[in-house]
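Rule-based calculations on the coordinates, nothing more; no lab input. These numbers were taken from a predicted model, which means no experiment stands behind them. Quick reminder, even Gly has a Cβ in these numbers, built from the backbone with ideal geometry, and neighbours come from all protein chains shown.
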Amino acid sequence: MKTKPVASQVSKDFRIECQIIGNPLATIPQLNPNPPPFVPMKQFTSEQQAKLVKDHDTGFLTTGKINVLVDMVAKQEKAFAWEDSE
């Protein structure tokens, strides 16, 4: 069975309207080009840090950029779901 698209208008009840209030980038911490050594956090543990480094150490990113990535993830650890229950 084949379907064909039909040009039509979408009812106002089904439209998605994006209303961004304020600057969402204003609360993001600045990236440190020379991050401090990794310190395990409450949710971002040493095991998760090791897996993150292993997964991204493919030769595309330099060690310095991977360290910046680790620092960014550590600063934003509450923004990530670390377990399926989250």
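Evaluated against (1) surrounded by fewer than 10 Cβ atoms within 10 Å (Cβ to Cβ); (2) more than 19 Å from K78 (Cα to Cα), H56 falls short on exactly one condition, (1).
So that you can scan it fast, the table gives a plain yes or no per residue for (1) surrounded by 11 or more Cβ atoms within 10 Å (Cβ to Cβ); (2) touching a residue at least 60 places away in the same chain (Cβ under 8 Å); (3) among the β-branched types (V, I, T); (4) not in a helix (DSSP H, G or I):
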site: I20; (1), (2), (3), (4): no, no, yes, yes
site: P33; (1), (2), (3), (4): no, no, no, yes
site: P40; (1), (2), (3), (4): yes, no, no, yes
site: A74; (1), (2), (3), (4): yes, no, no, no
